[in-house]
1. Of the options 135, 190, 122, report the single residue whose Cα projects farthest towards the positive end of the charge dipole of region 91-238 (beta-carbon charges: Lys, Arg +1; Asp, Glu -1).
2. Computed over the Cα atoms of region 194-233, what is the ratio Rg over Rh, Rh following Kirkwood?
3. Any idea how far apart residue 114 and residue 236 come out in nm if each label point goes 7 Å out from Cα toward Cβ?
4. Modelling each spin label as a point 7 Å along the Cα-to-Cβ direction, I'd like the residue 186/residue 148 distance in nm, to one decimal.
5. For region 142-239, what is the relative contact order in percent, using Cα pairs closer than 8 Å and at least 6 residues apart in sequence?
6. Just to be sure I understand the model, the point goes 7 Å from the Cα along the line to the Cβ. What's the resulting residue 225 to residue 93 distance in nm?
7. Residues of region 132-157 with the amide nitrogen closer than 11 Å to a label point 7 Å from the Cα of residue 205, along Cα-to-Cβ, please.
8. How large is log10 of I(q)/I(0) for region 116-239 at q = 0.14, 0.18, 0.20 Å⁻¹ when the intensity is taken from the Debye formula with one equal scatterer per alpha-carbon?
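Quick note: the coordinates plus some simple rules give every number you see, no bench work behind them. From a predicted model like this one, the values you see are computed outputs, not experimental measurements. In this analysis, Cβ positions are derived from the backbone assuming ideal geometry, glycine residues included, and neighbour counts consider all displayed protein chains.
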Amino acid sequence: MKRTRAVSVLWTLALLVVATVALVGITTFMMRIHRSDGWVASEPSASPSAPPAVLPGGGRTVPRTAPPSSSTDANADDTRATAPEARPLTTATAVATLRARALTLPVQGIEPGALVPSFSEARGSRVHEALDIMAPTGTPVVAVDDGRVARLFRSDAGGLTVYQFDPSQRVAYYYAHLLDYAAGLAEGQAVMRGQVIGYVGSTGNARPDAPHLHFAIFVLGPERRWWDGTPIDPYAVLK
């Protein structure tokens with residue numbers, strides 16, 4: 001009885017060994033077939049993809065892109081990202097920044113030596129915060145800098161006016177008391193330094209016998225509102 005049980009156990013172990021060997025053989029055979037057919041498991045990339053990059057200004061994220069190869073144009077446009085916005089100017093740096101641009105005087109035929117500072121002078125109950133440039137009625141008024149026309153506006157005090165933004169949209173130039181606008185001038189229009197935008201007059205609260213250009217410069221806030229900003233002295237910029 002014991003011998004019969006021992007033989008049975010041995011046969012069972014033998015069958016398990018044979019089954020294991022057969023299973024290993026079948027698995028090896030199948031792997032060889034798959035490899036011969038060109039099937040391979042995908043391998044990890046040699047360099048993992050970089051994490052998303054946050055656009056300047058807190059915009060949405062975009063994938064980083066690899067540097068262009070020597071066969072591609074390194075200056076090609078990438079429409080997925082936008083250029084970072086220029087930092088707002090401060091009044092402490094605005095004068096130096098604008099002086100470095102050597103702005104054009106806004107009234108044709110007027111030399112820097114003819115300018116008279118009046119930024120801090122009283123005008124009734126307020127401070128002037130601008131520069132008055134005296135000139136005959138009809139004298140051309142020109143853009144002091146490149147930029148665009150932000151607003152054409154008529155007011156009781158300023159009369160016919162132009163608000164111009166500089167190229168960075170951090171500074172606004174204000175031209176007031178105009179007799180008229182240059183033909184074709186329109187809001188949103190790009191203007192170039194020295195381009196005629198209007199003509200000296202005495203509209204608004206200017207004295208009819210003292211035509212002049214009321215010229216102001218102010219640093220825009222982050223909202224870039226054409227009517228709002230921190231004034232700086234134009235005389236300090238143009239002299």
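1. Final value for the positive-end residue is 190.
2. On the way: Rg = 13.4 Å, Rh = 12.4 Å.
Expressed as Rg/Rh, it is 1.08.
3. It is 2.5 nm.
4. Result for the modelled spin labels: 1.3 nm.
5. Details: 230 pairs, mean separation 27.8, N = 98.
Computed over region 142-239, the figure is 28 percent.
6. Modelled inter-label distance: 2.4 nm.
7. Zone members listed by number: 156-157.
8. Here log10 of I(q) over I(0) equals -0.54, -0.93, -1.17.
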